[in-house]
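Every read-out reported here was derived from the displayed coordinates using simple, explicitly stated rules and does not represent laboratory data. Everything numeric here is computed off the predicted structure, so don't read it as measured data. Heads up, the Cβs are rebuilt from the backbone with ideal geometry, glycines too, and the neighbour counts pull from every protein chain shown.
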Ligand code: ASP
């Protein structure tokens, strides 16, 4: 296979973001894209690159993933993440985590194990055996307080304002997609879901084919938005299959997100890389911060 131009694109969540916050949201995406692309330029794999980019986003409290994860109706963060290696179609995904600082690292450990999907206590027990970093559940509550977003303090409990009913409400899930110079693809996604979600609710983010997908020779995708819709039409797999049939990144992304809106009435966005290594993105929400690097352009290009 001729050498491919490496490429990497990240997003910081589809939704409505106050205009004054957009520059910061894009800046965080540029930093994450640069971190992931440095891995590719050093000869690293697409899988290693999307993990590096996702860690940068999980560690940035601006986003609804890792440190900045929003809280469920009980005032507790429940984190989900998924990861796929397009070279061998291996998947690792985790859901319903309360105490893992970087869920994408646990997804990587699952990918390297015999399992594909690990949930809740069992996932955290496995994380312990892998020596991953734990935090107290209060860590996520504090991060929410600090950024004064969906959580309002009150009495002896917390009032969580749901962001479900307004499809254009801020989301902030993160995702990364990459192709390395050997033509291997990878995709990653990480989220806290939506604020005020019922306990135990899981969206598309840890579901392979729905929230993320990667397949060498076809393409890769990471999604964001109202996960219930992305699950029903297996959006990440669908857009990757389209690109596998020769539809270019931009067109495939636009057509697929139009389907989410027209067919299901769902809101969200996605980032993709097609079989030729071209990046694409689309959204039907007011904003979706993204950034990408490709080929010799090491300076990330961003937008929202
Ligand atoms: N897709 C995520 C979920 O449904 C949320 C988001 O992307 O904003 O959990």
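General remarks:
- Angle in degrees between helix 120-129 and the longest Cα principal axis of the chain, rounded to the nearest 10: 70
- Taking every DSSP helix (H) stretch of at least 4 residues in the chain, weighting each as -39,500 (n - 2.57) and dividing the sum by the residue count yields a mean residue ellipticity at 222 nm of -9500 deg cm²/dmol.
- Gyration tensor verdict on region 40-98 (Cα atoms; rounded if a/c is under 1.5, prolate if a/b is larger than b/c, oblate otherwise): oblate
- Compared with the dominant Cα axis of the chain, that is its longest principal axis, helix 235-244 is turned about 10°.
- Virtual paramagnetic centre 7 Å along Cα→Cβ of residue 251, amide N under 20 Å, in region 175-198: none
- Over the chain, the reciprocal of the mean inverse Cα-Cα separation, the Kirkwood hydrodynamic radius, stands at 18.3 Å.
- Most fluctuating residue given options 175, 227, 211, as computed from a GNM of the chain linking Cα atoms under 10 Å: 227
- From most to least packed by mean Cβ count within 10 Å, the peptides 283-293, 113-123 give 283-293, 113-123.
- Based on the convex hull around the alpha carbon atoms, region 1-110 presents an average projected area of 8.1 nm².
- Mean Cα-pair separation over length for the chain, i.e. relative contact order, pairs under 8 Å, 6 or more apart, %: 26
- Dimensions of region 230-281 along the principal axes, based on C-alpha atoms and rounded to the nearest Å, stand at 31, 15, 13, largest first.
- The equivalent ellipsoid that matches the C-alpha gyration tensor of region 178-221 spans semi-axes of 28, 9, 5 angstrom, in descending order.
- The listed peptides 240-248, 126-134, ordered by packing as a protection proxy, come out as 240-248, 126-134 (highest mean of other Cβ atoms within 10 Å first).
- In the elastic network of the chain, a GNM with C-alpha springs shorter than 10 Å, the most mobile of 259, 111, 71 is 259.
- Pairwise centroid distance, computed over Cα atoms, of region 253-296 with region 217-251, Å: 8
- Length added when fully stretched, residue 113-residue 125, from 0.36 nm per residue minus Cα-Cα: 2.9 nm
- Cα-Cα separations in region 194-299 greater than 19 Å, expressed as whole percent: 40
- The angle between the Cα long axis of helix 46-58 and the longest principal axis of the Cα atoms of the chain comes to about 30 degrees, rounded to the nearest 10.
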